Amino acid sequence: MDVRIREMVLDDCDAVARVRVQGWRYAYAGLMPQSYLDTMSVEEDAARRREFLAKGHSRLTNVVAERDGEVVGWGCCGPSRDEDATADQCELYALYVLQEQVSTGVGRALMTELTGGAMTAGFGRMTLWVLAENARARRFYEKAGFAPDGAEEPFEVNGVMVPEVRYARALTR
């Protein structure tokens, strides 16, 4: 089954919201309060995505992965939001795939598209934030050339601290 990566469009908002919500529920089970994960709404997420895309943020890249015409993954990157960021630094904001697509190459294809696009846009470094306890995601990012850069950040979900660590990599061909 081939994976097709393409730019996200407004018609993808429902599918992307489903990927994101299911991705959170899968990836963060046991890492953050289940009550938070259970109350996530695909409909509310899709509405936020439609509003955001309609505004047109030219420096953001949103891509989807399709298999057999179905959206099975989504990724987003853009300029870094970190206070210590340099002008040539971008940030991977999100990368999620449906649970049944984990370890099938979808995430890798999304990462390749996003890092390649960031290089083409002139970025020389990419960072991302990952939950410190998310071993699966950390292994994935390390295989993609990222490494912890020493920065850590508290992240609170429903009164529970779920600390994050920052990963970074140079963007080179």
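Can you pull out the GluC sites (Glu not before Pro) in segment 54-99 that DSSP calls coil and that have at most 14 other Cβ atoms within 10 Å?
Sites meeting the loop and neighbour criteria: Glu83.
Please give the charge dipole size of segment 1-88, origin at the Cα centre, charges +1 on K and R Cβ atoms and -1 on D and E Cβ atoms. Round to the nearest 20 debye.
60 debye
With a point put 7 Å past each Cα toward its Cβ, work out how far Phe52 is from Phe155 in nm, to one decimal.
1.4 nm
What are the membrane-span-like helices in the chain by this rule: whole DSSP H runs, Cα extent along the axis at least 18 Å, mean Kyte-Doolittle hydropathy at least -1.0?
The answer, listed by residue number, is 13-27, 106-120.
Can you find, among Gly78, Ala54, Ala27, the residue farthest towards the positive end of the dipole of the chain? Put +1 on the C-beta of Lys and Arg, -1 on that of Asp and Glu.
Selected residue: Gly78.
Given a 1.4 angstrom probe, I'd like the percentage of the accessible area of segment 1-99 that is carbon and sulfur, rounded to a whole number.
Here carbon and sulfur together make up 46 percent of the probe-accessible area.
For segment 28-67, which trypsin sites (Lys or Arg not before Pro) pass both filters: DSSP loop (anything but H, G, I, E, B) and at most 14 other C-beta atoms within 10 Å?
Within segment 28-67, the qualifying trypsin sites (Lys or Arg not before Pro) (loop, at most 14 other Cβ atoms within 10 Å) are Arg59.
Net charge near Val162, counting Lys/Arg +1 and Asp/Glu -1 over other residues with Cβ under 10 Å of its Cβ? Walk me through the intermediate numbers first.
Working: positive: none; negative: Glu133, Glu156, Glu164.
Within the 10 Å Cβ shell, the charges total -3.
Where the convex hull is taken over the Cα atoms of segment 1-64, what is its projected area averaged over directions, in nm²?
Averaging across all directions leaves 5.5 nm² for the Cα convex hull.
Counting alpha carbon pairs within less than 8 Å and at least 6 residues apart, what relative contact order, in whole percent, applies to segment 6-68?
Worked out over segment 6-68, it gives 57 percent.
So what is the accessible area of segment 17-105 per residue, in Å², with the probe set to 1.4 Å?
For segment 17-105, the per-residue accessible area is 51 Å².
Expressed as cubic angstrom per residue, what is the convex hull volume of the alpha carbon set of the chain?
Spread over its residues, the Cα hull of the chain gives 121 Å³ apiece.
For Cα pairs less than 8 Å apart in space and 6+ apart in sequence, what is the mean separation divided by the residue count of segment 53-173, i.e. the relative contact order in percent? If you can, show how the numbers build up before the last one.
Numbers: 196 pairs, mean separation 25.0, N = 121.
Across segment 53-173, relative contact order equals 21 percent.
What is the calculated FRET efficiency for Met119 to Val9, with r their C-beta to C-beta distance and R₀ = 30 Å, to the nearest 0.05?
0.80
Work out the length of the dipole vector of the chain about its Cα centre, built from +1 on the beta-carbon of each Lys and Arg and -1 on the beta-carbon of each Asp and Glu, and round it to the nearest 20 debye. Numbers along the way, then the final one.
Values: 21 positive and 27 negative charges, 96 e Å.
For the chain, the charge dipole is close to 460 debye.
The values are calculated or read from the model by the stated rules, or taken from the named source; none is laboratory data. Note that the coordinates shown come from a computational prediction; the quantities given were computed from them, not determined experimentally. Note: ideal-geometry Cβ built from the backbone for every residue, glycine included; neighbour counts use all protein chains shown. The protein model used for the area step is the full one, side chains on, heavy atoms only, and it has no ligands, DNA or RNA in it. Shrake-Rupley method; radii C 1.70, N 1.55, O 1.52, S 1.80 Å.
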